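The values are calculated or read from the model by the stated rules, or taken from the named source; none is laboratory data. Predicted, not measured: the structure shown is a model, and the values here were computed from it. All Cβ positions, even for glycine, are placed from backbone atoms using ideal geometry, and neighbour counts span all protein chains on display.
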Amino acid sequence: MNALDFVAQTLRIAVPYLLAAAGGVLSEKAGLIALTLEGYMLGGAFGAAVGSYAAGAPWVGVLAAVVVGGALAALYATSAIRFKADQVVVGIAINLLAIGLTRFFLRLFFDSSSNSPRVPGFAGSGTGFVALATNPLVWLGVIVIPVVAWLLYRTPYGLRVRAVGEHPAAAASVGVPVTRVRYIAVLLSGMIAGLGGAYLALDQHQFTDGMTAGRGFIALAAIIFGKWNPLWAGLACLLFAAAETLQIQLQGTHAIPSQFIEMIPYVLTIIALAGLVGRAVPPAALGKTASE
């Protein structure tokens, strides 16, 4: 594989990470732990497959992915904000719910326990830059990080998000509607991460059981690695995608046992978080939903 092919493959792998990380930064900056990214992506992938299959149009699948991701985010927001439930517990529950629901509806809609039928997608044949350029979700993945950075650091709403994530009581004292700001941030998080799942399903032209395979957790690691800055989180996503591309290439050499090769992205994630980040300081109110 030449350098251009390596870059194209890295970008192809990075797109769902970028979308999930962009959504996760919004949620965490507002003070809600983004442990639910895996569930949002898995639900979005299934919604995209069902919508695209039923309508015969990938754009309908994209819309369905946004709706499913937003619905799961609304459930998380209601539990964590309205009912003050523990965010870690609710996050795990949302992920398990997404796994269970997608398996149930996969059997119900497609009479299969493993995968859906082939569905329409955007990408052309091949994995090079030409194929990537024909997929609008790739372009969305490329621009989503700078858009979220602009939203957080250049708009009044972004200032409110950062305020409620750092000191909700102080934000409330100057008239910031803490609950509403957090609800919007979490809903946006779910919808954007759901697009990451839509990319997976439409790129592979089908939904397979558990197809996110931990990508939501790697996106969360990228957020922490990037110290909750969307631009740095985006670079971390590219780094993890490059490691995954390297893993794929090494599998064809048989020079290293496959078990060790498969560990590369996850080992890199652990090393990055444990040894290279330094002291990563999260938003001060992360995990705290009370405004007082």
Taking first residues from segment 110-123 that are touching a residue at least 24 places away in the same chain (Cβ under 8 Å) and second residues anywhere that are among the aliphatic types (A, V, I, L, M) and not in a loop (DSSP other than H, G, I, E, B), the pairs with Cβ under 6 Å that are 6 or more apart or on different chains are Ser116/Ala49; Val119/Ala49; Gly121/Leu202; Phe122/Leu202; Ala123/Ala131
Going through segment 92-129 one residue at a time, which ones are touching a His at 6+ places or on another chain (Cβ under 7 Å) and crowded, with 16+ Cβ neighbours inside 10 Å?
-> Val119, Gly121
Consider Leu132 carefully, then state whether it is surrounded by 14 or more Cβ atoms within 10 Å (Cβ to Cβ), touching a helix residue (DSSP H, G or I) at 6+ places or on another chain (Cβ under 9 Å) and closer than 26 Å to Gly214 by Cα.
-> yes
Failed criterion for Val89 (all others in (1) within 27 Å of Ile145 (Cα to Cα); (2) among the β-branched types (Val, Ile, Thr); (3) at pLDDT 95 or above hold) | (1)
Is there any pair with a first residue in segment 73-87 that is in contact (Cβ under 8 Å) with a residue 24 or more places away in the chain and a second that is outside any helix (DSSP H, G or I) and of a type in the set (Val, Ile, Thr) whose Cβ atoms are under 8 Å apart and which are 6 or more apart or on different chains, and what are they?
-> Ala73/Thr36; Tyr76/Thr36; Ala80/Thr289; Ile81/Thr289; Lys84/Thr289; Gln87/Ile33; Gln87/Thr289
Identify all residues within segment 211-238 that are more than 14 Å from the chain's Cα centre (by Cα) and surrounded by fewer than 20 Cβ atoms within 10 Å (Cβ to Cβ); write none if there are none.
-> Lys227, Asn229, Leu231, Trp232, Leu235
List every residue pair whose Cβ atoms sit under 8 Å apart, with the two residues 6 or more apart in sequence or on different chains, where the first one lies in segment 246-273 and is closer than 16 Å to Ala221 by Cβ and in a helix (DSSP H, G or I) and the second, anywhere, is among the aromatic types (Phe, Trp, Tyr) and at pLDDT below 65.
-> none
Return a yes/no flag: does segment 208-227 have any residue that is of a type outside the set (Gly, Ala, Ser), closer than 15 Å to Val50 by Cα, touching a residue at least 40 places away in the same chain (Cβ under 8 Å) and in contact with a strand residue (DSSP E or B) (Cβ under 8 Å, 6 or more places away or on another chain).
-> yes
For segment 178-192, pairs from a residue that is touching a residue at least 12 places away in the same chain (Cβ under 8 Å) to a residue that is in a helix (DSSP H, G or I) and aromatic (Phe, Trp, Tyr), with Cβ under 7 Å and 6 or more apart or across chains, are Val186/Tyr76; Gly190/Tyr40
Taking interchain pairs and intrachain pairs at least six residues apart, which have beta carbon atoms under 8 angstrom, with the first residue in segment 2-17 and over 10 Å from Arg215 (Cβ atoms) and modelled with pLDDT under 90 and the second assigned to a helix (DSSP H, G or I) and of a type outside the set (A, V, I, L, M, F, W, C)?
-> Phe6/Thr245; Phe6/Gln249
For Ser291, which of the numbered conditions (1) under 26 Å from Trp150 (Cβ atoms); (2) at pLDDT below 90; (3) touching a Pro at 6+ places or on another chain (Cβ under 6 Å) fails to hold?
-> (1)
